[in-house]
Amino acid sequence: ADLRVLRVILRAVVGGGGAGAAATMVEDVPAVPEEKAHRTEMAGRLGVLLVAIGALAHFIALLGRGMAADPNRVPWGNMYEFTLTGTFVVVALFLATTSRWRLAWLGPIVVGFVLCVLLADVLWLYEPVAPLTEALESYWLVIHVVAACIATGAFTLGGITSVLYLLKARSTKETGYLARLPELPALDRIAYRMHAFGFPVWTFGVLISGPIWAHQAWSSYWNWDPKEVWAFITWVVYAAYLHARATAGWRGRNAAILALVGAATLWFNFIGINFFSTTSQHSYAEGAAVERTVEPSVVVGLGAGLRLPVEPAQEVRVVVGAEGPRA
C-alpha cells in the first residue's frame, strides 16, 4: 500500500498535478486502512485473552499439584514442579507487562517457548506427587524459589527479546513477523528493562536468601555446590551486562549477545546441572522423597555368605531423600 501511494505521488508530480492526478491519488489510496488496523487490534486482544485463559489453567495445575500431596505443600518438590512454576511465571510476567509496554507482538513467541518447555517437562522431568524431602521443609523454600522463578521469568523474556533483536537486525524483509516487530531501539530498550528488573530479584534469591537457607540446612553459607557456582556465574554475566550498558554505553548487538550468554548460563543452571553433575547437594531437585519397601536379610557367618530372609512382619521402611537413605 505504501508503494502504491508513493507511485501515485510521483505520477502526480511528474504529470504536473491537476485534478486528474488528484483523482488518481484518491482512487489508488486504500480506502479501509483503519478497518484493517481495527481487525488486527481485535485479533491481538483475543490472543492475549487466550493466553490469560491458558495462564489460569496453568495456575490451577500448579495449585492442584500442591494439593495432591499428603500433607498439602507448595508445588516445588522436584524439577518437574520447578519447571512448571518457572513457565507459569514467564507467562504471568508477559501478561503483567503487555499492556504497559505494548508487548502483544511477543505473545506468539512466549506461548511457543512455554509449550516446548512444558512438553520437555512432561516427557523427561515428570515425577509422581510425593511429600517434600526433609531438606525442603523450610519457609526459606518459598522465599528462595519465588525470587529465583520471578528473576528467571524476567531474564527469559529479556533473552527472547534479545534474540528477536538480532534476527530483526539481520533481516531485510519488508513483510512478515520480523517486519512487524517494533524498531530496533525499542527492542533493545525492552530487553534492558526486563534484565534490569530481574537482576535485583536474582541477587536477593541467589546471594541473600539462598546462602541463608544453606546455612540453616548445612551449617555453611557457601559450599561450592555446582548449582551455587553456576547461579553466581549467571549473576556475574548479568552484572556485566548492566554495567556495560551503564558505563561503556553498550547497546544493540553486543548487549544482546551478552544477554544471551546470561540466558544460557541461567537455563543450564536451572536444568542442566541435574543431568551433568553428580556432586550437587541439590539432589532433591531430581525428585521428591520416594518411599519404598525393601526386604532386608541377615548375614550368618563371617565368610560363608549365607543370607537368611527376615520375616515379612519385620520389613523396614526406607526413605530416600536429599541426605541419602535413612531407616
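The values are calculated or read from the model by the stated rules, or taken from the named source; none is laboratory data. For clarity, every value in this text was computed on a predicted model and none was experimentally measured. Neighbour counts run over all protein chains shown; Cβ positions are idealised from the backbone, glycine included. Just the protein is used for accessible areas: all its heavy atoms, side chains included, with ligands, DNA and RNA removed. Shrake-Rupley method; radii C 1.70, N 1.55, O 1.52, S 1.80 Å.
Assorted remarks:
- If the condition is being open to solvent by less than 60 Å² (accessible area, probe 1.4 Å) and of a type in the set (A, V, I, L, M, F, W, C), then the range 110-122 contributes 110, 111, 114, 117, 118, 120.
- Any chance residue 205 is surrounded by 20 or more Cβ atoms within 10 Å (Cβ to Cβ) and closer than 26 Å to residue 253 by Cα: no
- Condition met for residue 57 (surrounded by fewer than 19 Cβ atoms within 10 Å (Cβ to Cβ), at pLDDT 95 or above and not charged (D, E, K, R)): yes
- Those residues of the range 88-101 which are of a type in the set (Val, Ile, Thr) and under 11 Å from residue 59 (Cβ atoms), in sequence order: 89, 91
- Within the range 240-252, the set of residues being in contact with a helix residue (DSSP H, G or I) (Cβ under 7 Å, 6 or more places away or on another chain) and either open to solvent by less than 40 Å² (accessible area, probe 1.4 Å) or not hydrophobic (A, V, I, L, M, F, W, C) (or both) comprises 241, 242, 244, 245, 251, 252.
- Flag for residue 222 being open to solvent by 20 Å² or more (accessible area, probe 1.4 Å) and under 22 Å from residue 158 (Cα atoms): no
- Of 43, 31, all but one fail to be over 30 Å from residue 130 (Cβ atoms), open to solvent by 50 Å² or more (accessible area, probe 1.4 Å), modelled with pLDDT under 95 and in a loop (DSSP other than H, G, I, E, B); the exception is 31.
- Evaluated against (1) over 19 Å from residue 155 (Cα atoms); (2) under 18 Å from the mean Cα position of the chain (by Cα); (3) open to solvent by 60 Å² or more (accessible area, probe 1.4 Å), residue 96 falls short on exactly one condition, (1).
- Residue satisfying condition, being at pLDDT below 90, touching a helix residue (DSSP H, G or I) at 6+ places or on another chain (Cβ under 9 Å) and surrounded by 11 or more Cβ atoms within 10 Å (Cβ to Cβ), within set 15, 66: 15
- Figure legend. Inter-residue proximity from the range 79-101: first residues under 15 Å from residue 112 (Cα atoms) and modelled with pLDDT of 95 or more, second residues hydroxyl-bearing (Ser, Thr, Tyr) and open to solvent by less than 20 Å² (accessible area, probe 1.4 Å), beta-carbon distance below 6 Å, spacing 6+ or different chains. Indicated pairs: 90/156.
- Where residue 155 falls short, out of the listed (1) under 20 Å from the mean Cα position of the chain (by Cα); (2) without any contact (Cβ under 8 Å) to a residue 60 or more places away in the chain; (3) open to solvent by less than 30 Å² (accessible area, probe 1.4 Å): (2)
- Residues of the range 142-152 classified as buried (at least 19 other Cβ atoms within 10 Å of the Cβ) and over 20 Å from residue 107 (Cα atoms), total: 4
- Residue match in the range 159-176 (condition: aromatic (Phe, Trp, Tyr), at pLDDT 90 or above, touching an Asp or Glu at 6+ places or on another chain (Cβ under 8 Å) and buried (at least 22 other Cβ atoms within 10 Å of the Cβ)): yes
- For the range 75-93, a tally of residues being small (Gly, Ala, Ser) and either open to solvent by 20 Å² or more (accessible area, probe 1.4 Å) or under 18 Å from residue 42 (Cα atoms) (or both) returns 1.
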